[in-house]
Amino acid sequence: MYLNIYKIGGNVIDDPQKLETFLDMFCHAREKKILVHGGGKLASELCQQLGIKVQMEEGRRITDSMTLRVAVMVYAGWINKNLVSSLISRGCLALGLSGADGRCIITRKRDRGPVDFGYVGDMDKNSVDAVFIQRLLHHGLVPVFSPITCSSSGQLLNTNADTIVSALALAFRSIYTVRLQYVFDRDGVCCPGSDSPLPLLSRTQYEKLRNQGIVSDGMIPKIENALKALEQGVEEVYIGNTCIQL
């Protein structure tokens, strides 16, 4: 039995037409499914309006205490519930969740390194409670995850949505045949000067494109998490229409 796990980011969330097209497609997918979403530009816009400095490092948000408040309000609140209500209107029995709900995704605060990311969550081996989420799927519910998790001590953490979707895929790989799909505003991973996506992208190709600066910013965590998922047994991974291969 297939489980389709979809991830959408800001480039879809911030574009009403692309979002409507995706939600229509998502609702028509008959297999069991999970949706994980990012935050779009709304969090950055609200931070700027509140005078909170927006800090990014290779596509990942640095989250101090005030930025965390904004992230929780925007990601787990406004965006998550708007997606859920849009899916409900299409007849999809969606359930909006953060990792804190039901203790279903427990993370740990990222260790300080050369860059202090602040209140950012990292996954451990057993971060995902697959049994809890499988019960929801069994009852016909469609989980819609925001990129907010919490630690075992109850600290809310801003966690990269690409990391969450990869961890979910790994947690379910022994239960379902997992197809992981990253959906964004392009048809796939494209090379400069071409609008046509690469049909396949291997690790060797990715490393070459990254070293050349062709793949950068938010695409880096997408591809790295996709490769990690494949290495650990996920059957199929797509970024747009580009099939990622080892």
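Please treat every number below as a calculation from the coordinates, not as lab data. These numbers were taken from a predicted model, which means no experiment stands behind them. With ideal geometry, Cβ positions are generated from the backbone for all residues, glycine too; neighbour counts draw on all protein chains shown.
One decimal place: the segment Q212-C191 gains 6.5 nm when fully extended, by the rule 0.36 nm per residue minus the C-alpha distance.
Under 23 Å of direct C-alpha separation, and excluding same-chain neighbours fewer than eight residues apart, K53 reaches these lysines: K41, K109.
Multiplying the sequence separation of R90 and N126 by 0.36 nm and subtracting their Cα-Cα distance, what value in nm do you get? Write out the running numbers ahead of the final one.
Values: separation 36, 0.36 × 36 = 12.96 nm, distance 3.38 nm.
Roughly 9.6 nm would be gained on extension.
Within straight-line reach of K208, meaning a Cα separation under 28 Å, sit the following lysines at least 8 residues removed in sequence or on another chain: K7, K222, K228.
By DSSP, the beta bridges lying fully in the chain are antiparallel in about 25 percent of cases.
Within straight-line reach of K32, meaning a Cα separation under 19 Å, sit the following aspartates and glutamates at least 8 residues removed in sequence or on another chain: D24, D129, E235, E236. Think of the chain as a dipole: +1 on every Lys or Arg Cβ, -1 on every Asp or Glu Cβ, centred on the Cα centre; then among N211, A130, V54, A130 lies furthest on the positive end. Evaluating 6.51 cos²θ - 1.76 cosθ + 1.60 at θ = phi - 60° for every residue in region 234-244, the Karplus couplings come out as 5, 5, 9, 9, 10, 10, x, 9, 8, 7, 8 Hz, glycine and proline recorded as x.
Think of it as helices only: each DSSP H run of n ≥ 4 in the chain is worth -39500 (n - 2.57), and spread over all residues that comes to -10000 deg cm²/dmol at 222 nm. Can you bin region 73-133 into rounded, prolate or oblate? Criterion: square roots of the alpha carbon gyration tensor eigenvalues sorted a ≥ b ≥ c, rounded for a/c under 1.5, prolate for a/b above b/c, oblate for the rest. Oblate, because a/c is 1.5 or more while a/b does not exceed b/c. To the nearest Å, what is the center-to-center distance of region 120-169 and region 215-246, using C-alpha atoms only? Centre-to-centre distance over Cα atoms comes out at 19 Å. Between the amide H of G39 and those of G10, distances stay under 5 Å, these residues lying 5 or more places away or on another chain, with hydrogens modeled in the peptide plane. One chain, two ends: N241 and H139. Fully extended at 0.36 nm per residue, the span grows by 33.7 nm beyond their Cα-Cα distance. Which shape class applies to region 2-188: rounded if a/c is under 1.5, otherwise prolate when a/b exceeds b/c and oblate if not, where a ≥ b ≥ c are the square roots of the Cα gyration tensor eigenvalues? Because a/c hits 1.5 or more and a/b fails to exceed b/c, region 2-188 counts as oblate. Taking the fewest neighbouring Cβ atoms within 10 Å as the starting point, the ordered list for I105, I133 is I133, I105.
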